[in-house]
Amino acid sequence: MGFEQSVKAEAPAPVQRNRHVLVTALGITQILAWGSSYYLPAVLAAPIAKDTGWSLALVVAGLSCGLLLAGLVSPVTGRLIQRHGGRPVLAAGSLLLAAGHSLLATATVYPLYLSAWLLMGLGMSSSLYDAGFATLGRLYGRAARGAITNLTLFGGFASTVCWPLSAFLVEHGGWRIACLSYAAIHLAVCLPLHLWVIPPPPPATPAR
């Protein structure tokens, strides 16, 4: 009897938040994060190369550098989510992506362009699937499997939504305006959703 009471006392408190609302909000931010980072060169690489005179390979190399940095810092991102929950990490990801897009829009020399992608890499590490899945796992434990599956389905619409959006922005304002528009979207849409919808995590269960 005493052991059962002890286990119950150590169990994390239930998260009081509508799971469908949370997954939908994270799904929206995943679509925008993937579409404005990983899929961005699919539409913007050619206009950037034409405008700057850099080769297409150099332009696409920016994404490769960002992805490399995202992979290197992903263990740190996971530990931060385990310790503090997903809300501050995902919110920081929105700020980093906004900063990366802003710097990208003003880059006139290649080192500055690469620096922008490194900022984007930090943002990708703390805003794409890994961070989203870790957030759901931290909130719901083993019961997060269904929510993670649904979030994956949302992310699959990133190219469907953002490729036409990127093409529209480039056609009507150029690639720099497209980057600034994505920066504004991260600040006006993704950041508020991360701050207002994601609940604080339950207390961590002590390791046995």
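The values are calculated or read from the model by the stated rules, or taken from the named source; none is laboratory data. All figures in this text were calculated on a predicted structure; none of them were measured in a lab. Note: ideal-geometry Cβ built from the backbone for every residue, glycine included; neighbour counts use all protein chains shown.
Of note:
- Yes/no for ALA147 being of a type in the set (A, V, I, L, M, F, W, C) and either under 19 Å from SER94 (Cα atoms) or without any contact (Cβ under 8 Å) to a residue 12 or more places away in the chain (or both): no
- Some residue of region 86-95 being assigned to a helix (DSSP H, G or I) and without any contact (Cβ under 8 Å) to a residue 12 or more places away in the chain: yes
- Qualifying residues in region 117-137 (those that are crowded, with 22+ Cβ neighbours inside 10 Å and not hydrophobic (A, V, I, L, M, F, W, C)) - the one farthest from LEU63 (Cα to Cα): THR135
- Of all the listed residues (SER64, SER37), the sole one being more than 22 Å from LEU165 (Cβ to Cβ), within 20 Å of the chain's Cα centre (by Cα) and either polar (S, T, N, Q) or modelled with pLDDT under 95 (or both) is SER64.
- Pick from region 79-97, criterion of a type in the set (A, V, I, L, M, F, W, C) and more than 11 Å from the chain's Cα centre (by Cα), ranking: surrounded by the most Cβ atoms within 10 Å (Cβ to Cβ): ILE81
- Flag for PRO111 being surrounded by fewer than 21 Cβ atoms within 10 Å (Cβ to Cβ) and either touching a Ser or Thr at 6+ places or on another chain (Cβ under 8 Å) or not in a helix (DSSP H, G or I) (or both): no
- If you filter region 150-200 down to residues that are hydroxyl-bearing (Ser, Thr, Tyr) and modelled with pLDDT under 95, you find that the one that is farthest from TYR38 (Cα to Cα) is THR152.
- Of all residues in region 172-185, none that is within 11 Å of THR106 (Cα to Cα) and aliphatic (A, V, I, L, M) has its Cβ atom under 7 Å from the Cβ atom of a residue that is modelled with pLDDT under 95 and not in a helix (DSSP H, G or I), 6 or more apart or on another chain.
- Checked against (1) over 14 Å from TRP117 (Cα atoms); (2) modelled with pLDDT of 95 or more; (3) small (Gly, Ala, Ser); (4) out of contact with any Leu (no Cβ under 7 Å at 6 or more places or on another chain), ALA9 passes all but condition (2).
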